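The values are calculated or read from the model by the stated rules, or taken from the named source; none is laboratory data. Because the structure is a prediction, the values reported are computed rather than measured. Every residue, glycine as well, gets a Cβ built from its backbone with ideal geometry; the counts of neighbours run over all protein chains shown. Note: areas computed on protein heavy atoms with side chains; ligands, DNA, RNA excluded. Shrake-Rupley method; radii C 1.70, N 1.55, O 1.52, S 1.80 Å.
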Amino acid sequence: SYVSAARYGKDNVRLYKVHRDEKTGVQTVNETTVTVLLEGDIETSYTKADNSVVVATDSQKNTVYVLAKQNPVTPPELFGSIVANHFTTKYKHIHKAHVKVVTHRWTRMVIDGKPHPHSFYRDGNDVRVTEVTSIEGTGLAVRSGIKDLLVLKSTGSAFHGFVRDEFTTLPETWDRIMSTDVDATWEWKLFPSLDAVKQSVPLFDKAFDTARAVTMKTFAEDNSASVQATMYKMSDLILAAEPLIEHVSYALPNKHYFEIDLSWHKGLKNTGKDAEVYAPQSNPNGLIKCTVSRQ
Ligand SMILES: O=c1[nH]c(=O)c2nn[nH]c2[nH]1
C-alpha cells in the first residue's frame, strides 16, 4: 500500500481581531474560525513515522495568530491568501496549503439612531466562507461564499409539470412555501501571486455584498417555477456582476412545509387555497445543486 493522498493541519482555530481608531474612538471587530491543511512531501510521516517533515499543527495554529497580528485579517480572501502563501513559501517540502476562513457576523449596533462605537450583535447565523489554496509554482485558487443563510417565502413559488408516472404521488402546486438554507460559492479566476490578490482586494467585499443581496432579492422576487430555475437566475446575476468570477455554485436543500388535512375534524378546511396550518419537515429534504460557469 502507499499514501495516495494526504493533508493535515489545525481545524477550528478561533480568531478575533479588533481595530481601534485612536482619533474617532470607533472600534471595529472581526471574528473568524480558521482551518489550515498542508500537502507536500509528507508521506514518510505516515509510512516511516518520520516526524522531521511535520510542521506541527500547533505551530500552524501559532502561525495563524502571528500572521493575524502582522497583517490585515480582512477581507478574508486576502488573509486566507497570506496564510496559505506563507506555508508554501517558508517550507520547501510543502507544495500546497489549504486555508479556510469562516467569518461570523458582528453587526454594529445602532443606538438612538447612531452607530455605536464598540457594540455589536449577531444579526444572523449565516457566515462568509473563504477557501484559499496556495499551489506552489502556480498561484492562489480562491473560492468565496455564503453558508447557513436560512430563507423562507410564504408564496411566490410553484412546482408543476414534473414527471408523472407510477411512482408519483406529489400533487402539482401553483402556490407553495419555499424555504432553503443557502450554500453559495463563487470561484475566482486563478490569482498568479499574492500580489495579484492584493491588487483585487477592493473586489472581494463588493462581490460578497452583491452575492448576498442578489441571492435574497432573486429568492424574494422570482416567481419560482422550481428551486432549480431560481438558483440559475441567482448564479447568472452574480457572474454578470464580477468578470473575475468564473463559476458560481449553489447547494440548496428544499426544506418542505406540508399541508395538514384537518377535514376529519368537523370538515375543517385546511388544504389548497384554505391551507394556513402546515407541518415543517426536518427530513427528508430535497437537495438541489448546480454550478453555472462563464461561457
Ligand atoms: O423545486 C423543486 N424541485 C424539485 O426537483 C422537486 N422535487 N420535488 N419537489 C421539488 N421542488
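Distance distribution note for the stretch 157-280: the fraction of Cα pairs above 20 angstrom is 58%.
Counting Lys +1, Arg +1, Asp -1, Glu -1, what net charge surrounds Phe87 among other residues with beta carbon under 10 Å of its beta carbon? Kindly include the intermediate steps, with their values, before the conclusion.
Working: positive: Lys90, Lys96; negative: Glu39, Glu136.
Residues near Phe87 contribute 0 overall.
Other residues within the sphere of radius under 13 Å centred on the Cβ of Ser282, judged by their own Cβ, net out at 0 (K and R +1, D and E -1).
What pairs in Lys23/Lys114; Lys189/Lys255; Lys69/Lys206; Lys153/Lys206; Lys17/Lys61; Lys233/Lys289 have C-alpha atoms more than 21 Å from each other?
Numbers: Lys23/Lys114 18 Å; Lys189/Lys255 33 Å; Lys69/Lys206 25 Å; Lys153/Lys206 26 Å; Lys17/Lys61 15 Å; Lys233/Lys289 13 Å.
Listed pairs above 21 Å: Lys189/Lys255; Lys69/Lys206; Lys153/Lys206.
The packing ranking of peptides 239-245, 124-130, highest mean first, is 124-130, 239-245, where packing means the average number of other beta carbon atoms within 10 angstrom of each residue.
Quote the relative contact order of the stretch 1-75 in percent (integer), defining contacts as alpha-carbon pairs under 8 Å separated by 6+ residues. Walk me through the intermediate numbers first.
On the way: 82 pairs, mean separation 24.9, N = 75.
Once divided by the residue count of the stretch 1-75, the mean separation gives 33 percent.
Only one residue of Tyr46, Pro72, Thr24 has its Cα farthest out toward the positive end of the dipole of the stretch 19-74, where Lys and Arg carry +1 and Asp and Glu -1 on Cβ, and that residue is Thr24.
Just how large is the dipole of the stretch 100-143 about the Cα centre, in debye to the nearest 20, putting +1 at every Lys and Arg Cβ and -1 at every Asp and Glu Cβ? It works out to roughly 100 debye.
As a length-normalised measure over Cα pairs under 8 Å and 6 or more apart, the relative contact order of the stretch 102-198 settles at 26 percent.
Think of each Lys and Arg Cβ as +1 and each Asp and Glu Cβ as -1; about the Cα centre, that makes the dipole of the stretch 205-271 roughly 360 debye.
Could you state, as a whole-number percent, how many of the C-alpha pairs of the stretch 6-162 are farther apart than 26 Å? Summing the P(r) of the stretch 6-162 above 26 Å gives 42 percent of all pairs. Placing a label point 7 Å from the Cα of Asn125 along the Cα-to-Cβ direction, the residues of the stretch 140-157 with a backbone N closer than 17 Å are 146-153. Pairs of alpha carbons in the chain separated by more than 25 Å make up 60% of all such pairs.
A 1.4 Å probe, protein heavy atoms only, puts the accessible area of Trp106 near 100 Å². For the pair Arg294 and Ser59, the difference between a 0.36 nm per residue extended length and the Cα-Cα distance amounts to 80.6 nm.
Can you give the relative contact order of the chain as a percent, counting alpha carbon pairs under 8 Å and 6+ residues apart? Kindly include the intermediate steps, with their values, before the conclusion.
Working: 576 pairs, mean separation 37.7, N = 295.
Reported as a whole number, the value is 13 percent.
Peptides 179-191, 61-73: what's the order by average Cβ count within 10 Å, highest mean first? Numbers along the way, then the final one.
Values: 179-191: 20.5, 61-73: 15.6.
Highest-to-lowest ranking by the protection proxy: 179-191, 61-73.
What whole number of Å gives the distance from the Cα centroid of the stretch 1-68 to the Cα centroid of the stretch 130-149? Between the Cα centre of the stretch 130-149 and that of the stretch 1-68, the gap is 15 Å.
Fully extending the segment from Asn12 to Lys233, taken as 0.36 nm per residue of separation minus the present Cα-Cα distance, adds 76.2 nm. Coupling constants for the stretch 192-208 follow from the phi torsions by the Karplus curve (6.51 cos²θ - 1.76 cosθ + 1.60, θ = phi - 60°), and in residue order they are x, 7, 5, 4, 5, 5, 4, 5, 9, 3, x, 7, 6, 5, 4, 5, 5 Hz; glycine and proline get x.
FRET efficiency for the Arg20 to Lys147 pair, using the beta carbon distance and R₀ = 35 Å, is estimated at 0.75.
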